[in-house]
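See below for the structure under consideration.
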Amino acid sequence: MIITGPKYWKVGELAQLTGLTVRTLRYYDQIGLYSPSGYSDSGYRLYSESDLSRLQQILALKELGLALDEIKSILSDNGYNPFEVVQLQINRLKENIRIQQKLLKELQNASSLMARDEPLTVEDFTTLLGMMKKSHEKFFAERRTIMENHFDRLGGFLGMDSIVRAKREE
C-alpha cells in the first residue's frame, strides 16, 4: 500500500485517515496494543507508516473475532506471519460471499415463483429459511463477538475485568 503525505500522523489525523476514533487509538496505546513510534515536542502521539501496517494487522485480527488481549499476544509472537492473517481474511470473506450468494439465489427463486403466482413448496420454504437462518446466525455471532469485546473494554475502563469475565462465563 502506497501512502502519500506526511511521514508521521498525529492521533487525530490517524483517526481521520483510518475511520477509528481518537479514543480507540488512545485506548490501544493505553493497553500496549498499538503505541505510536514517537511523540512530538508538544507531547502529541506520532504514528509512522510502519505503525499503519501494524494497525491494519490489528484490525484484520479483530475482524476475525479475536479479543484485544489475544491480538496483542499474537502480534508479540516472533512466529507471527501477517500473510496467514490476510489468507484467513480472504477465506472468511469468500465464505461470507458464498453464503450470501446462496441466500440470494434462493430469494430469487422464491421471487420468481411468486411473480408467476406459483406456490412455494415446503422444500422451497425450508431451503430458504435454512439459508436465512445460516446468514443470520453468522451475522449475530459476529455481532456477539463485537459486543463481548465492547464489554471487555468497558470492564477494563471500570477496573472490573473479573466481574465481566464471571458474567460471561454464566
Study note, to complete from the structure: For the table LYS72/LYS133; LYS72/LYS102; LYS10/LYS94; LYS72/LYS134; LYS72/LYS94; LYS7/LYS94, the rows whose alpha-carbon distance is greater than 28 Å are LYS72/LYS133; LYS72/LYS102; LYS10/LYS94; LYS72/LYS134; LYS7/LYS94
**Study point:** Largest-first principal axis extents, alpha carbons of the stretch 1-80, Å
**Key:** 33, 28, 24
Exercise for review: On the protein heavy atoms, probe 1.4 angstrom, tell me the percent of accessible surface of the stretch 1-96 carried by carbon and sulfur.
Suggested key: 51 percent
Check your understanding: From the phi of every residue in the stretch 25-42, what ³J(HN,Hα) in whole Hz does the Karplus formula 6.51 cos²θ - 1.76 cosθ + 1.60 yield, where θ is phi - 60° and glycine or proline is x?
Key -> 4, 5, 5, 4, 5, 4, 8, x, 7, 8, 9, x, 5, x, 9, 6, 4, 7
Review point. For ILE90 and SER112, FRET efficiency with R0 = 41 Å and r from the beta-carbon atoms, rounded to 0.05?
Key: 0.80
Exercise for review: Obtain the nm distance between the two label points defined at SER135 and GLN100 by a simple spin-label model: each point lies 7 Å from its Cα along the Cα-to-C-beta direction.
Suggested key: 1.0 nm
Check your understanding: So what J values fall out for the stretch 44-56 if you push phi through Karplus, 6.51 cos²θ - 1.76 cosθ + 1.60 with θ = phi - 60°, rounded to Hz, Gly and Pro as x?
Key -> 6, 5, 10, 10, 9, 4, 5, 5, 4, 4, 5, 4, 4
**Study point:** Phi to ³J(HN,Hα) by Karplus 6.51 cos²θ - 1.76 cosθ + 1.60 over the stretch 121-132, Hz, x for Gly, Pro
**Key:** 7, 4, 5, 4, 5, 5, 5, 4, 5, x, 5, 5
Practice item. List every residue whose amide H lies under 5 Å from the amide H of LEU46, counting only residues 5 or more places away in sequence or on a different chain, with H placed 1.01 Å from N in the peptide plane. Key: SER37, GLY38, TYR39, SER40
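The values are calculated or read from the model by the stated rules, or taken from the named source; none is laboratory data. Source: prediction; values computed, not measured. Neighbour counts run over all protein chains shown; Cβ positions are idealised from the backbone, glycine included. Calculation scope for accessible area: heavy atoms of the full protein, side chains included, ligands and nucleic acids excluded. Shrake-Rupley method; radii C 1.70, N 1.55, O 1.52, S 1.80 Å.
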